[in-house]
Amino acid sequence: MKTRVHVLISGKVQGVWFRASTKQKADELGILGWVKNTDDGNVEAVFEAEKAVLDEMIAWCWVGPPRANVTDIKMLPTRSDERYTSFFVLY
């Protein structure tokens, strides 16, 4: 059963290839959803997959790409409606 989580990632997460790296990792894990930068310097994403896969993605988000420095991740689990068919970057 798929689960969805809406996340807000804070720290040094813009200008370090966080979105592109997140897409690459999500594609590798088979996660559906999206990722985007926010106006306040954070990165926001929605991940949809099996719980174990989501746990792996969130663990990766705490590290991120090499130049990132993640200080916080806020997560809001939501109900999956399986509307996503891929993972994409929003601009």
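The values are calculated or read from the model by the stated rules, or taken from the named source; none is laboratory data. Note that the structure is predicted; figures quoted are calculated from it, not measured. Cβ atoms come from the backbone with ideal geometry, glycine included; neighbour counts cover every protein chain shown. SASA here: full protein model, heavy atoms, side chains in, ligands and nucleic acids out. Shrake-Rupley method; radii C 1.70, N 1.55, O 1.52, S 1.80 Å.
Rounded to the nearest 5, what is the percent of antiparallel bridges among the DSSP beta bridges in the chain?
90
Where does each of 79, 4, 67, 19 land when they are ordered by accessible area, with a 1.4 Å probe and the largest first?
If we order 79, 4, 67, 19 from most to least accessible, we get 79, 67, 19, 4.
Mind checking the chain for GluC sites (Glu not before Pro) that DSSP puts in a loop (not H, G, I, E or B) and that have at most 16 other Cβ atoms within 10 Å?
Within the chain, the qualifying GluC sites (Glu not before Pro) (loop, at most 16 other Cβ atoms within 10 Å) are 82.
Using a probe radius of 1.4 Å on heavy atoms only, what accessible surface per residue do you get for the chain? Whole Å² is fine.
In whole numbers, the chain has 59 Å² accessible per residue.
Answer with a single label: of (1) 33, 23, 22; (2) 39, 36, 18; (3) 36, 29, 21, which was calculated as Cα extents along the principal axes in Å from the structure in view?
(1)
With r as the distance between the Cβ atoms of residue 69 and residue 89 and R0 = 22 Å, compute the FRET efficiency 1/(1 + (r/R0)^6) and round to 0.05.
Efficiency, rounded to the nearest 0.05: 0.60.
Can you count the Lys pairs in the chain whose Cα atoms are under 21 Å apart, with each pair 8 or more apart or on different chains?
For the chain, the number of qualifying lysine pairs is 16.
Report the extension gain between residue 81 and residue 10 in nm, rounded to one decimal, defined as 0.36 nm multiplied by the number of residues separating them, less their alpha carbon distance.
Gain in length upon complete extension: 22.9 nm.
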